[in-house]
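Colleague: Shown below is the structure under consideration.
The values are calculated or read from the model by the stated rules, or taken from the named source; none is laboratory data. Worth saying up front: this structure is predicted, and the values here are computed from it rather than measured. All Cβ positions, even for glycine, are placed from backbone atoms using ideal geometry, and neighbour counts span all protein chains on display. When the accessible area is computed, the model is the full protein with side chains, heavy atoms only, and any ligands, DNA or RNA have been set aside. Shrake-Rupley method; radii C 1.70, N 1.55, O 1.52, S 1.80 Å.
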Amino acid sequence: MSVIVECKDLTVKYGKKVALNNFSVEFEEGRIVGLLGPNGSGKTTFIKTLSGLITKSAGNVTIAGEKLGTATKSIVSYLPERPYFPSSMRVKDMIDFFNDFYTDFNPQTAYEMLETLKISPKDKIKALSKGTREKVQLVLVMSRSAKLYLLDEPMGGVDPAARDFILKTILTNYSKDACVIISTHLIQDVEQVLDEVAFIKEGRLAMFKSADEIREENGKSIDGLFRAVFAC
């Protein structure tokens, strides 16, 4: 399998605060990776660095063999933790925007997912609930044929009934030559789809193993091991 993400000694600082400290890891194509850690551990900083929103302080990072920059931004599909749509726009306007902006965007896929979710393309963003806005945002992100999908808390604001659909959407809409990184606190809900798990603690990689290895070696679920490792 080809390596999609390669990080060597990645360091990110905010002034004197070190958010990521010599972080080294490799993620391969065809894998769904859970990025797990407590608040303030560096998860969102890592995702924003890969998306190009944050500039690294030191280290080397490549995505599909390309150094971070314009080339990598075009092959990364990023779902931020908070919706960012202008409230005056309609859902259809966002689809048109993504279609104009991203050459790998498939509007037909987006409309089909919206229909399944019973979300009207004519609805204004400001008329949607927080959870519905997050569903729309996920639909747009997963309607791209990207090499790397970065999903920061993709199910944080949606009801439990919609979470199975979201997981199905993630599983069925990313290509097998791509990689998906999911940062979440809802470990029980996502661990069934994870191929690999990266625990991050205080800006460092605490553990990186396959989901099956974790269960076999520890006799625990991923959620159970997380609670044990990060117990207060």
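Colleague: Specify which of the listed residues (PHE46, PHE97) is under 17 Å from the mean Cα position of the chain (by Cα), part of a helix (DSSP H, G or I) and among the aromatic types (Phe, Trp, Tyr).
Modeller: It is PHE46.
Colleague: Just one of (1) touching an Asp or Glu at 6+ places or on another chain (Cβ under 7 Å); (2) closer than 20 Å to SER143 by Cβ trips up GLU26, so point out which.
Modeller: Exception for GLU26: condition (2).
Colleague: Among (1) assigned to a strand (DSSP E or B); (2) over 27 Å from ASN21 (Cβ atoms), where does PRO86 come up short?
Modeller: Result: PRO86 passes all but (1).
Colleague: Further, regarding this structure: Scan region 132-144 and tell me whether some residue there is under 21 Å from PHE46 (Cα atoms) and either exposed (fewer than 15 other Cβ atoms within 10 Å of the Cβ) or without any contact (Cβ under 8 Å) to a residue 12 or more places away in the chain (or both).
Modeller: No - not one qualifying residue is present in region 132-144.
Colleague: Now a separate question. What number of residues in region 81-92 are closer than 20 Å to ASN106 by Cα and either surrounded by 16 or more Cβ atoms within 10 Å (Cβ to Cβ) or touching a His at 6+ places or on another chain (Cβ under 6 Å) (or both)?
Modeller: Of the residues in that region, 4 qualify.
Colleague: Please go through region 177-232 and pick out each residue that is over 17 Å from LEU151 (Cβ atoms), in contact with a Gly (Cβ under 8 Å, 6 or more places away or on another chain) and part of a loop (DSSP other than H, G, I, E, B).
Modeller: ASP177, GLU202, GLY203, PHE230
Colleague: Yes or no: LYS118 modelled with pLDDT of 95 or more and in a loop (DSSP other than H, G, I, E, B)?
Modeller: When the stated conditions are applied, LYS118 does not pass them.
Colleague: Now for a different question. Checking the condition among the hydrophobic types (A, V, I, L, M, F, W, C), modelled with pLDDT under 95 and open to solvent by less than 30 Å² (accessible area, probe 1.4 Å), which residue from ALA198, ALA206, ALA211 passes?
Modeller: None of the others qualify; the one that does is ALA211.
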